[in-house]
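Read the structure below first, then the notes.
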Amino acid sequence: MIYIVIGFLWLSICLYMILGGADFGAGIVELFTNKKARHKTQEIMYESIAPVWEANHMWLIIAIVILFVGFPEIYTTMSTYLHIPLVLMLLGIIARGTAFTFRHYDAVKDNWQVLYTQIFYYASLLTPFFLGLIAAATVSHSINPDATNFLDLYIFSWLNWFGVSVGLFTVALCAYLASIFSLRETRDKADLLLMIRKSKQTMIFVVITGILVFFTAYISDIPLVMWVFSKPLGIMAIAFATIALLLIFKAMNRQKLLPVRALAGFQIVMILVAATYQHNPDIILLANGQHLSLFTTAAPAKTISALGWALMLGSLFILPFLFYLMASFSKLRK
């Protein structure tokens, strides 16, 4: 049963990165669009994220619940040593969702709309950045339980060059996903060309920040190159992600956009596989050489069994209605 629980944990992280990433990326793409095209970009992005913006945080909640119930030591370690970026990320999620709601549904259109928009932009930018910082901290040997001062315990455990680069890479991925997902929401050729140009720009941003991640890992003595390229699975994952990128580029040039969303989601899965398979099931690597494994830190077998059944039965209710939600929005756009 523990393999089922771990599978749901990994699936929820993947889906949050794909659907939540596209959601966050909408604000990022808007922020970095020139003012003349910003209103049009806003309309396209709104159509793109409308089916998922309410539902995507469900996947984050599922991941948190799985860690809290099934792997309490991992949950405690993260919530203790990474409580600052976690709180900032959660505040960003709240601020972003609130600003998005008021920006679109406020009964009175006035100067407050400017404030709502700015909050939406910068919360969309900072939330995935802190998510990247948290992810980097778990594998960079920067969490030091033996530290004796506040800075080493609660600041430098996540604030370092490698964490910053992973944060920027996460921002780039979110902007890329939003751009790709928006291609099929355009209503005329001018809009399509605008979003194709945005997609190509975010592709470049992803490549640059990806190189930066490997560079900062090297200067920080983090064996990221070994983790990714030392075994056939990592090489295959990177190769598949690269091939998917080339296929998306080709589809955009030919303006045949049917497969682009699936290919972009596939890329994210391959990137996560390449980044995590080598040290799996060790989910947190500590500075003192110890690690927290999903197997050795799991809750008692009865708890894992109950959690596994709850996840399987819950998915029977959640997934059909999620697909129905997406299908409903697709029909409304036609």
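The values are calculated or read from the model by the stated rules, or taken from the named source; none is laboratory data. All values reported here derive from a predicted model rather than from experimental measurement. Glycine gets a Cβ as well: all are built from the backbone with ideal geometry, and neighbour counts include every protein chain shown. Accessible surface is based on the protein model in full, side chains and every heavy atom, while ligands, DNA and RNA are left aside. Shrake-Rupley method; radii C 1.70, N 1.55, O 1.52, S 1.80 Å.
Which residue, chosen from Ser179, Ala135, Phe169, occupies the Cα position most advanced towards the positive end of the dipole of region 128-206, where the dipole is computed from +1 (Lys, Arg) and -1 (Asp, Glu) charges on Cβ about the Cα centre?
Value computed over the given set: Ser179.
Output the relative contact order of region 185-334, whole-number percent, from Cα pairs under 8 angstrom with separation of 6+ residues.
Reported relative contact order: 16 percent.
Could you please state, rounded to a whole Å, how far the C-alpha centre of region 1-22 is from the C-alpha centre of region 61-91?
Their Cα centres are 15 Å away from one another.
Using the Kirkwood formula on the Cα atoms of region 178-334, what hydrodynamic radius do you get, in angstrom to one decimal?
Result for region 178-334 stands at 19.1 Å.
Once R0 is set to 22 Å, what does the formula 1/(1 + (r/R0)^6) return for the Cβ-Cβ distance between Thr242 and Leu193, expressed as a FRET efficiency to the nearest 0.05?
With R0 = 22 Å, the Cβ-Cβ based efficiency is 0.30.
What is the distance in Å between the Cα centroid of region 129-179 and that of region 212-236?
16
Between Leu233 and Asp152, what's the calculated FRET efficiency when r is the beta-carbon distance and R0 is 30 Å? Round to 0.05.
Efficiency computed from Cβ-Cβ geometry: 0.30.
Indicate the gyration tensor shape class of region 5-128 (rounded, prolate or oblate), computed on the Cα atoms with a ≥ b ≥ c the square roots of the eigenvalues: a/c under 1.5 is rounded; otherwise a/b larger than b/c is prolate and the rest oblate.
Note, shape of region 5-128 comes out prolate.
Rounded to the nearest 20 debye, what is the charge dipole size of region 17-167 about its Cα centre when +1 sits on each Lys and Arg Cβ and -1 on each Asp and Glu Cβ?
520
Computed over the Cα atoms, what is the radius of gyration of region 182-268 divided by 2.2 N^0.38 Å, N being its residue count? Each step should come with its number before you reach the end.
Working: Rg = 15.7 Å, N = 87, 2.2 N^0.38 = 12.0 Å.
In units of the 2.2 N^0.38 Å rule of thumb, it is 1.31.
Give me D for region 165-221 in µm² s⁻¹, whole number, from Stokes-Einstein with Rh from the Kirkwood sum over alpha-carbon pairs, 10 °C and 1.306 mPa s.
Roughly 131 µm²/s, to the nearest whole number.
Going by accessible area, probe 1.4 Å, with all protein chains left in place, what is the ranking of Tyr81, Tyr46, Tyr16, largest first?
Highest to lowest solvent-accessible surface, that is Tyr46, Tyr81, Tyr16.
Averaging sequence separations of C-alpha pairs under 8 Å and six or more residues apart, then dividing by the length of the chain, give the relative contact order as a whole percent. It would help to have the intermediate numbers written out before the result.
Working: 423 pairs, mean separation 82.5, N = 334.
That works out to 25 percent.
Between 0 and 90 degrees, rounded to the nearest ten: what's the tilt of helix 2-15 against the longest Cα principal axis of the chain?
That works out to roughly 30 degrees.
Below 24 Å, Cα to Cα, which lysines can Lys256 reach? Residues fewer than 8 away in the same chain don't count.
Lys40, Lys189, Lys198, Lys200, Lys331, Lys334
Could you tell me the relative contact order of region 2-158? Use alpha-carbon pairs under 8 Å, at least six residues apart, and round to a whole percent.
Normalised by residue count, the contact order of region 2-158 is 27 percent.
Carbon-plus-sulfur fraction of the accessible area of region 66-123, 1.4 Å probe, in percent? If you can, show how the numbers build up before the last one.
Working: 2190 of 3020 Å².
So the carbon and sulfur contribution to the accessible surface is 72 percent.
With a 1.4 Å probe and every protein chain left in place, tell me how much accessible area Leu313 has, in Å² to the nearest 10.
Approximately 90 Å² of Leu313 is accessible to the 1.4 Å probe.
Which sequence of Asp221, Asp110, Asp23, Asp146 reflects their accessible areas, 1.4 Å probe, from the largest down?
Reading off the accessible areas and sorting them downward yields Asp221, Asp146, Asp110, Asp23.
In debye to the nearest 20, how big a dipole does the chain give about its Cα centre with +1 on each Lys and Arg Cβ and -1 on each Asp and Glu Cβ?
Rounded to the nearest 20 debye, it is 1520 debye.
Any chance you could give the angle, 0 to 90 degrees and rounded to 10, that helix 112-139 forms with the longest Cα principal axis of the chain?
30
Using heavy-atom solvent-accessible surface (probe 1.4 Å) with all chains present, what is the largest-first order of Thr303, Thr148?
Working: Thr303 50, Thr148 130 Å².
Most to least solvent-accessible, the answer reads Thr148, Thr303.
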